[in-house]
Structure formats: structure tokens, C-alpha cells
Amino acid sequence: MRSGDSFRVCKRALFEVIVPMQKSSPLWVDFHCHVDLYSDHEALIAECDRERVATLAVTTTPKAWSRNRELTQRSPYVRVGLGLHPQLVAERAGELPLFEHYLPDARYVGEIGLDAGPRFYSSFEAQERVFERILRACAEQGDKILSIHSVRTAGKVLGHLERALPPERGRVILHWFTGTAAEARRAVEMGYYFSVNEEMLRSPKHRRLVASLPLDRLLTETDGPFVQRDGSPIRPSQVARAVGEIAEIHGLTAEQAAKAILQNLRRLVTA
């Protein structure tokens, strides 16, 4: 079996574990977690399996992808994204050919995107070149699911996506989205999903943004280990708090919100 074939099998396996009422169905979704940056990342993968958390383990450099995929190959709940983080483009743009080498074997792509924060603005033109090239490669190959970073760049990110990734060639999840209400509406119209974590929901502005988003476009995430709880990195098994916050914002019970998020995941990965 080729590596690419193993990912097609993984697609079916992930669908099977999210069919309602099966004993192996996930209970939770963490669609953006830097699993490899935890000191106990192998134990964390086992914890995701034990707690039945469907987890996307994003990476920040192409060099990290192969080892991460190896560690998660037997996990029914953890998938790995092939990433080239915009904050690292200044140092790691030379790994773009390696990214393109691995891309045929990667169904999930992330973390990628743009960042116009003060520390990273000097590399913004290079970020745009890298992002555009990644999107065009994903569009050419098709059937990719992308987790995208868009700090201070939501409009730019949406513009690149509109030009380079036709909707039938890939699916987009906007990670920790903090754009304007108009940009959020544009993203919804483009068919995109949003992954939401508990830290972003501390902001009243961002709570209002999430309230404006359709429930059927929401996923949960932790963005661990960068998000902390009580002084320690949050773990995928603690994503229930984000589910509870979404439930409160949308006037649902936690059980209703959890069910909706799992349905969204199933729709995303089986479309």
C-alpha cells in the first residue's frame, strides 16, 4: 500500500468512527492542536484515543510531518496536517520543496496561512508567495482539508483562497478566526468552517463573532500547547469547555452543541 493509499483508508476510518451510535464514535473534536510540541506527545496521542477526541495534529514545518504521521499511524482518532507556519516562513521557506514532496501523501494541510502581526510583517511578501504556492498545489491535487492561520490578514487570506483554491478542490477551516463581521460573512458565503477555542471566547467581541456564525460551520479546537489553562498547556481531552461556550452562545445544551460539532466534522471529512 502506498502512503497516499493509507490516507485514503484513514478517511474511511475517520468517517466510520463518527457514525452516530457506534461505540467507537468520537465524543469530542479538537481540529487544531500542536501535538508534537507537548513534552509527552506520544502519551497525548494515546490520551486522544482513550478519551475519543478526533484530533487534527497540525505541524509548523514540513520536516515535522513524517515523524508525526509515523506516531499517529495506528491512531483511530488523530490525523496529522502537513504545515508551513507563516510565522516561520522567514526561516523555513527553503522547506517549501519538501512540503510539495510530501503533499501527495497528506490529506490534511496545516498550519498554513498569513500573519501580519508586528513581529512577522517583514516577511509578509514571502508569506504570500509561499501561501499562494501551497494553495495552488492543493488545488491541483484536490481533496485537501486545510487549517488556516489568518492573524490580521483575514481579507488577504480570503482573497488568496478565492483566486487559488476553487471550492471543489479543497475544504477550508479558518483557525482562531478574528476577522471582521463582513469578512466572516464572506467566509461563510465561500463555504468555509471555523475552529473555535476557549481562549478566543474570552473576548466579548469574538463571542459576538461566533454568535453570528452558522452552527453548522463550527468546529472546536484547543490550539494547545499555546493555549494554557491554570498555568498548564490545555490538552485535547479538555476541549469540552469550548463546546460548552459555543452551546451558551448559540442557546443550546452542551449535548446539542457537541452533537452538532461532530456532525460538522463528519460532513467536512466525507464531502
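Modelling each spin label as a point 7 Å along the Cα-to-Cβ direction, I'd like the ARG136/ASP230 distance in nm, to one decimal.
5.0
Run the simple label-point estimate for MET190 and SER203 please: 7 Å along Cα→C-beta, distance reported in nm.
1.9
So what are the three principal axis dimensions of segment 124-271 from its Cα atoms, in whole Å, longest to shortest?
That gives 40, 32, 28 Å along the principal axes, largest extent first.
R0 = 25 Å: FRET efficiency of ARG52 with ALA211, Cβ-based, nearest 0.05?
Computed FRET efficiency for ARG52 and ALA211 comes out at 0.35.
In nm, what is the difference between 0.36 nm times the number of residues separating GLU162 and GLN256 and their Cα-Cα distance?
30.6 nm
Within 10 Å, at most 13 other Cβ atoms, and a DSSP state outside H, G, I, E, B define an exposed site. Report the longest part of the chain free of exposed trypsin sites (Lys or Arg not before Pro).
It runs 120-271.
Whole-Hz ³J(HN,Hα) for each residue in segment 186-195, computed from phi via Karplus 6.51 cos²θ - 1.76 cosθ + 1.60 with θ = phi - 60°, x for glycine and proline: what do you get?
Per-residue couplings from phi come out as 4, 5, 4, 4, 7, x, 8, 9, 9, 9 Hz.
Expressed as a rounded percentage, what relative contact order does segment 135-271 have, with Cα pairs under 8 Å and six or more residues apart?
Value for segment 135-271: 19 percent.
So how far apart, in nm, are the two label points at ALA90 and ARG67 if each is 7 Å from Cα heading toward Cβ?
Label-label distance for ALA90 and ARG67, simple model: 2.5 nm.
Decide, for segment 129-168, between rounded, prolate and oblate: order the square roots of the alpha carbon gyration tensor eigenvalues as a ≥ b ≥ c, take rounded if a/c falls under 1.5, and otherwise choose prolate if a/b is larger than b/c, else oblate.
The shape class here is prolate.
Here, each number is a calculation from the coordinates, and none is a lab measurement. Bear in mind that the values here come from a model prediction, so they are computed numbers and not experimental data. Positions of Cβ are backbone-derived with ideal geometry, glycine not excepted, and every protein chain shown enters the neighbour counts.
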